[in-house]
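Visitor: Here it is: the structure, laid out below.
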2 protein chains.
Amino acid sequence: VAKNVRVVVCGFGRVGRNFARLVEFKHRLVASRYSLTLDILGVAELNDSVLSTGPIPPSELVNYFEAHGNFLNYPRFGITGWEGIDIIREIKEADVLVETTPTDIQTGEPALSHIRAALSRGMHVVSANKGPFIRSYKILKSLADSKGVSLKFSAAAAAALPTLDVAQTCLAGAKIHTIEGILNGTSNFILSRMRTGDEDYEMALAEAQRLGIAESNPALDVEGYDTANKLALIANVAMEANILPEQINRVGIVNIVAGEVRQAAAEGKIMRLLGRAVVDKSNKVNACVAPQLLPMNHPLAGVDGSEKGITFTTDSMDRVTVAGGKSDPKGAAAAILKDILNIYRPS
Amino acid sequence: VAKNVRVVVCGFGRVGRNFARLVEFKHRLVASRYSLTLDILGVAELNDSVLSTGPIPPSELVNYFEAHGNFLNYPRFGITGWEGIDIIREIKEADVLVETTPTDIQTGEPALSHIRAALSRGMHVVSANKGPFIRSYKILKSLADSKGVSLKFSAAAAAALPTLDVAQTCLAGAKIHTIEGILNGTSNFILSRMRTGDEDYEMALAEAQRLGIAESNPALDVEGYDTANKLALIANVAMEANILPEQINRVGIVNIVAGEVRQAAAEGKIMRLLGRAVVDKSNKVNACVAPQLLPMNHPLAGVDGSEKGITFTTDSMDRVTVAGGKSDPKGAAAAILKDILNIYRPS
């Protein structure tokens, strides 16, 4: 008999909607392999939400929202004026908050308040949102521990590329002393185009934008902010570090010249935008983000195009590298589903 | 306050002794990060064992065994004539069996009996031994499930390269439809030497033997048996397949000519001994082991020398590759420790 897991989703953008679609698509596999049924009881958006006492078919939620752009007149279960925090406070019982509101790296809000409220009520939290964990990971983790619930955010730390899982599960018991990561697919795509194509930085960026890989404002990606954000999240979990992104020495790829990239390639080296965190002898973690020339035998040298990858160097397990993983909203949705399943999966 | 985990070790070869050393070396980290203390209460060898009601300092066990080659006259706690099965049956209470006796791929014994007895008593089992799982994984897993205990064997499935963890945890909820693995470090070392050095197969093999990478009888490695064994283990867990190694079409590397490897390299292709398992449209798993020419952009192309790597291709997370990880008895010991910690670590 499958156990019912009651889920509330805050934020119904691309990640939230893809998660809802995935819940429907994976219904049978989740029941047969994990003996679980994920029931979406509520979805919160900006000023109007949906809340029911029973499961709402995910495709109905998605179709309605995509047709109307809001839940204002959602039949029977729509509640005008309610936001995420209202749903979390007022829902009778729920097991998991899925937090996919837009990220605010500075304040973490509104996700931070959602997560605090959910944890305080004894709900597990699975987040695709980096914001709350950049500044408040330790506080939120303590709160989760004190309530005996799980707090997971794989989707925020490189989507379907497993990073936190690898550090916490696959490398359990090992001391991670170095993390190196190609954590931003857009930058890696641009550098790869500059190497193999006939393109300079501007052309490669335009191509990335045309393909929907880069945003129209690419600063977050190409100036290394996104890499620094992810690196801080991962180091704070995997190394028990205490880094803020603004403390990370950060150089982006905007001043890289194509000739430089191709010259390096001719000499057998690959230019990558690398995030690196190293534990020094006094147990302090030093982190930086910068373009690096990797030798061809570096385990991240082959992580090409818009793929991502991460290398953990440890004491007792040597060096372990993970690469790939879907990185669009579908990949983030798959990472959310994974986190939920791992909360309930026996070890 | 750290919880005490009472451990019995069956088999005190290189893996078992390295595990004991690691328990001592990691004592503080395990206590501080995982709130656990691993107490080794007993060690079983062929005809003489050690069993105490309290923890025995691991280094005393290792030092004694390395000095004497047996436990015949081990002070106070030595028991002549007792083997693994006796310890498991007679110990008053224990939490985890660590099974590191020599592998018998055909019968799985003596590990199979040890594991059955331990699971039946409600002990968790962590094994470095492939044998019992090649033919009896499903039966043992059912037994473990019925007793509510864990059954883990990361060390048997490529030591510190995470394979089963990645499939079960990092890719939870995804359907894995293809597994490709460079699962044997010795073969990969030989092929790598044939490509980059001036060596033919015999010379590369001799070098591998000189370095202690290859055994004096290398058949298990170079004829693909080891790859087939690991592939079967991994596919049976990750794909819920039901493959026996002898059902896997298997070609080794003994007939590979160095000129062929170098010619391929000149054409931008890399020769690797690959294990591959694919789920076909009727949900049947087809597996084979054979030397393959990989294009340079294949995620396993860069897994060089004695390193190992594995690529999982999935429906909802795309392709995820893991590479590296210590593969000697120390790596196996680290994998055993990891499995134990993951049994007790909250999700």
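The values are calculated or read from the model by the stated rules, or taken from the named source; none is laboratory data. Quick caveat: nothing in here was measured; it's all calculated off a predicted structure. Here the Cβ positions follow ideal geometry from the backbone for every residue, glycine too, while neighbour counts run over all protein chains shown.
Visitor: Residue check: is A:Arg262 of a type in the set (Lys, Arg), more than 10 Å from every other protein chain (Cβ to nearest Cβ) and assigned to a helix (DSSP H, G or I)?
Guide: Answer is yes for this residue.
Visitor: Also, I was wondering about something else. Here are B:Asp226, B:Asp198: which of them is loosely packed, with under 15 Cβ neighbours inside 10 Å and at negative phi?
Guide: That would be B:Asp198, the only listed residue that is loosely packed, with under 15 Cβ neighbours inside 10 Å and at negative phi.
Visitor: Right, next: When you scan the stretch A:51-69, how many residues do you find that are over 18 Å from A:Arg14 (Cβ atoms), of a type in the set (Val, Ile, Thr) and surrounded by 19 or more Cβ atoms within 10 Å (Cβ to Cβ)?
Guide: Total satisfying the criteria: 1.
Visitor: Of all residues in the stretch A:153-185 being more than 8 Å from chain B (Cβ to nearest Cβ) and assigned to a helix (DSSP H, G or I), which is surrounded by the fewest Cβ atoms within 10 Å (Cβ to Cβ)?
Guide: A:Leu164
Residues are listed down the side, and each one gets a yes or a no for (1) modelled with pLDDT of 95 or more; (2) more than 10 Å from chain B (Cβ to nearest Cβ):
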residue: A:Gly275; (1), (2): yes, yes
residue: A:Val279; (1), (2): yes, yes
residue: A:Asn283; (1), (2): no, yes
residue: A:Gln292; (1), (2): yes, yes
residue: A:Gly309; (1), (2): yes, no
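Visitor: Out of curiosity, is B:Glu109 under 30 Å from B:Asp226 (Cβ atoms), in a loop (DSSP other than H, G, I, E, B) and modelled with pLDDT of 95 or more?
Guide: yes
Visitor: What are the pairs with Cβ atoms under 8 angstrom where one residue, in the stretch B:21-45, is assigned to a loop (DSSP other than H, G, I, E, B) and the other, located anywhere, is among the acidic types (Asp, Glu)? Sequence gap at least six, or different chains.
Guide: Cβ pairs passing all conditions: B:Glu45/B:Glu83.
Visitor: Quick one: A:Asn286 ticks every box in (1) more than 30 Å from A:Arg14 (Cα to Cα); (2) buried (at least 23 other Cβ atoms within 10 Å of the Cβ) except a single one, so which number is it?
Guide: (2)
Visitor: Restricting attention to the stretch A:72-86, does a residue exist that is touching a residue at least 60 places away in the same chain (Cβ under 8 Å) and under 24 Å from the mean Cα position of the chain (by Cα)?
Guide: yes
Visitor: Moving on to the next point. From the residues in the stretch B:313-330 that are outside any strand (DSSP E or B) and buried (at least 22 other Cβ atoms within 10 Å of the Cβ), which one is farthest from the other protein chains (Cβ to nearest Cβ)?
Guide: So the residue we want is B:Ser327.
Visitor: Just to be sure, is B:Asp304 charged (D, E, K, R), touching a residue at least 12 places away in the same chain (Cβ under 8 Å), under 30 Å from B:Gly197 (Cα atoms) and at the interface with chain A (Cβ under 8 Å from one of its Cβ atoms)?
Guide: Yes.
Visitor: Which residues, taken from the stretch A:331-347, are surrounded by 21 or more Cβ atoms within 10 Å (Cβ to Cβ), of a type in the set (S, T, N, Q) and either without any contact (Cβ under 8 Å) to a residue 40 or more places away in the chain or more than 7 Å from every other protein chain (Cβ to nearest Cβ) (or both)?
Guide: Within the stretch A:331-347, none qualify.
Visitor: Of everything in the stretch A:46-64, what is of a type in the set (A, V, I, L, M) and assigned to a helix (DSSP H, G or I)? Give them in sequence order.
Guide: Within the stretch A:46-64, A:Leu61, A:Val62 qualify.
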